[in-house]
Amino acid sequence: MIDLAQLSDEAGRARIIISGVRPEIEHGRFAVKRTVGEKVAVEADIFTDGHDAVAAVVLYRYEQEAHWRLAPLHALGNDRWRGQFLVTKLGRYRYTLRAWIDRFASWREGVHKKLVAGQDVSVELLMGARLLGEASFRAAAEDAAVLEEWASLLRDAPETVLAQHGLEVLPAEVVQLMAKYPDQRFAVTYDKELLVTVDRERARFSAWYELFPRSCAPEPGRHGSFKDCEARLPYIAAMGFDVVYLPPIHPIGRTHRKGKNNTLAASPDDPGSPWAIGAAEGGHTAIHPQLGALEDFRHFIAQARTYGIEVAMDLAFQCSPDHPYVREHPEWFRHRPDGSIQYAENPPKQYQDVYPLDFETNEWRALWEELRRVTCFWIDQGVRIFRVDNPHTKPFHFWAWLIETIKQRYPEVIFLAEAFTRPKVMRYLAQLGFTQSYTYFTWRNTKDELTHYFTELTKTDMQEYFRPHVWPNTPDILSEYLQLGGRPAFIVRLVLAATLSANYGIYGPAFELCEHRARERGSEEYLNSEKYEIRHWNLHQPESLKDIIARINAIRRDNPALQQNQYLSFHPVENPQLLCYSKTDESRANVILVVVNLDPHHTHAGWVELALDELGLDARQTYQVHDLLGDARYLWQGARNYVELNPQVAPAHIFRIRRHLRTERDFDYYM
């Protein structure tokens, strides 16, 4: 119930309604995400009673700035309005909306209608003179003089004004001045200030390569080091990756150490799982002694930069039974009735070599502060990207606090959430601040599954806050598709990952060498998993996909359409084994069309049906499709065109569409 006594004079006379604002995540609780140089498009339902005209703007500002900037909102029809603004700095922006009755526009519309109907407008012109006069008091000196002059003309020489300007009544420059100095006495401002988190470009577009440093030694039987990792950098750079991700690099516990293939009995030579963090040599701020010293790690980061590569490290907040925390802070762990510490479990899986931290401890504040100290320690060493292990098993409030406090000081830091869990939990982690998110891509194989899932990621509100990061394989996941599909299956999943998502990664060298052996039938675990033993990889195998990977990453770099997810569209093909989709940049100058044979065993053909208008194509003209993988060129015309893909030859096309043009010299070419 409205309390009249509590209602302000301005609120009582306000007539504007603002609702249906987008983007607005969870009623404004969370920020939308952008990268530097991107636009934030804002829409809202804005209307008033009666027939008066409405004007509206987006108010936006960098969070550290005091003054709002304005961007106009334009009517789309049916009381829906749209505007946009550009974000140019790392950090956070705020935005809201303001709308008001546009009395001058209402006046112009009314005068115009009466003039068309041949009615007398003498009183209306006096009303216009008053509006111009009032605006002159809001205007700067030179503009005020112009407005006063035209107010006088409307009062004193209305016939001359009408004779000169007819139905428009006033010249365009006067109309522009009135828009510059609107009457906002009863303007309504949206009741929320909404947030935008602005990250650097690598948050939007990146290609990751995961490797175990201990397996980088050039000869078998030796534990690799950071020096060996440095020697691997030219190989990684040649494939076109810009992020190299390292699993945990800390000392590994010996108590309950796992053996080969995750057996409970480890031999003295078994290195253990890197995720069993902590030993006598130290914990989360220490480095495994066989990898090198802290100085060696910093040197590796510096060397990677010379190749245009960033180093991402694993942030895994868990401990081995030998971690110093267990001795120094037993209160940070959950104790069972027999006095022992509860190890990690995900039944039927058991991780006897890992102790979870207890975030319900009475000493939770000290625990939070320590984990932030660990994060800042690695930032001080030069790390700016973290892949966060299992964030869904730690409290949401902890992550919101950690990410916000870190990014206040280091807005360039990127946090990737490795959370293969329930959909709402994954979305919530993205909303509360994670920069990028793992996805269900690994288990989406059919045409319907891929179409539905990536439509959800790119065409719903998820596109505003959930940046998908897709992986065809990980050290934990060898999908059945890769186990059974042979080399063509690896190429199919590579093409899909690298073109459906602007952020993707592979676990190598297992991926480029097409490692497909599972531990046992029905398992997604690798046989002889690198998680539990040191592997020696022959990087020069003739069947390696390294050249194909390099080509696809070059295509991604050369085509802005593949560097974002906003303009992804799927196109019909009657064959259920053929998936067709396109991506364009904002201007539609760069158009990429991908056709993939999802069956790695058999040739499939079909007719692709393109939405020509969406791609900026003229149905009356031919257009060239240039296969960037095989360098073949084809002339197509119209919406329906034939494709055939043999997976043993090439299971996919990545076409760049080149439109037909005719020059003044009357010869044809394509661009």
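The values are calculated or read from the model by the stated rules, or taken from the named source; none is laboratory data. Small disclaimer: the values here were computed from a predicted structure and weren't measured. Positions of Cβ are generated from backbone atoms using ideal geometry, with glycine treated the same way; all protein chains shown enter the neighbour counts. All accessible areas refer to the heavy atoms of the entire protein, side chains included, with ligands and DNA or RNA removed. Shrake-Rupley method; radii C 1.70, N 1.55, O 1.52, S 1.80 Å.
So the values come out like this:
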| item | result |
| --- | --- |
| DSSP-loop trypsin sites (Lys or Arg not before Pro) across region 1-89, with at most 12 other Cβ within 10 angstrom | R29 |
| Residue-span extension gain [E363 to V116] - 0.36 nm each, minus C-alpha spacing | 81.2 nm |
| Euclidean distance between Cα centres, region 423-488 to region 302-342, Å | 27 Å |
| Inter-site label distance for R557 and E574 at 7 Å from Cα along Cβ, in nm | 4.2 nm |
| FRET efficiency, 1/(1 + (r/R0)^6) with R0 51 Å, evaluated for R409 and L126 via beta carbons | 0.25 |
| Cut-off under 5 Å, modelled amide H: who pairs with I414 long-range | I385, F386 |
| Average Cα contact separation per residue, the chain, under 8 Å, 6 or more apart, as relative contact order % | 10 percent |
| Percentage of interatomic Cα-Cα distances in region 269-406 larger than 24 Å | 35 percent |
| Inter-label distance for K260 and E644, nm, one decimal - labels placed 7 Å from Cα along Cα-to-Cβ | 4.8 nm |
| Between 0 and 90°, nearest 10: helix 480-500 axis offset from the chain longest Cα axis | 30 degrees |
| Accessible area (Å², 1.4 Å probe, nearest 10) - S136 | 10 Å² |
| Per-residue SASA entry for V354, accessible area with 1.4 Å probe, Å² rounded to 10 | 10 Å² |
| Among (i) 58; (ii) 79; (iii) 67, the entry that matches percent of Cα pairs over 33 Å apart as calculated here | (i) |
| Cα long-axis angle, helix 447-459 against the chain (0 to 90 degrees, to the nearest 10) | 50 degrees |
| Cα-based helix-to-principal-axis angle, 141-156 vs the chain, degrees rounded to 10 | 40 degrees |
| Cα gyration tensor category, rounded, prolate or oblate, for region 51-162 with a/c compared to 1.5 | oblate |
| Share of carbon and sulfur in the accessible heavy-atom surface of region 523-647 [1.4 Å probe, %] | 48 percent |
| Proximal aspartates and glutamates to K424, defined as alpha-carbon separation beneath 20 angstrom and excluding residues fewer than eight positions away on the same chain | E24, E26, D389, E449, E456, D461, E464 |
| Accessible surface of region 31-171 [probe 1.4 Å, protein heavy atoms]: carbon and sulfur percent | 53 percent |
| The chain - mean residue ellipticity at 222 nm from DSSP helices (-39,500 (n - 2.57) per run, n ≥ 4, rounded to 500) | -9000 deg cm²/dmol |
| Length released on extending from A619 to A75, taking residue separation times 0.36 nm less the Cα-Cα span | 192.8 nm |
| Overall form of region 445-557 per C-alpha gyration tensor (a/c, 1.5; a/b vs b/c) | prolate |
| Net lengthening on full extension, E173/R305 (0.36 nm per residue, minus Cα-Cα) | 42.2 nm |
| Heavy-atom accessible area ranking, 1.4 Å probe, most first, across L496, L539 | L539, L496 |
| FRET efficiency, A550 to A145 (Cβ-Cβ, R0 45 Å, nearest 0.05) | 0.10 |
| Region 402-479 - percent of accessible surface contributed by carbon and sulfur, probe 1.4 Å | 50 percent |
| Rounded to the nearest 10 Å², the accessible area of W332 at probe 1.4 Å | 10 Å² |
| Whole-number accessible area per residue in Å² for the chain, which is evaluated in the context of all protein chains at 1.4 Å | 45 Å² |
| Cα-based shape type of region 322-377, given that a ≥ b ≥ c are square roots of the gyration tensor eigenvalues and the cut on a/c is 1.5 | prolate |
| Members of K227/K258; K394/K531; K39/K394 lying beyond 31 Å, as alpha-carbon distances in this model show | K39/K394 |
| Listed residues R444, R620, R551 arranged by accessible area, highest first, probe 1.4 Å | R620, R551, R444 |
| Label-to-label distance, nm, for residues given as E328 and I17 (7 Å Cα→Cβ offset) | 6.1 nm |
| Label-reachable residues, region 194-232, where backbone N falls under 19 Å from a point 7 Å from N538's Cα toward its Cβ | 215-222 |
| Mean shadow area of region 402-459 over all directions, Cα convex hull, nm² | 4.6 nm² |
| FRET E, pair Q566, R138, Förster distance 60 Å, beta-carbon r, rounded to 0.05 | 0.95 |
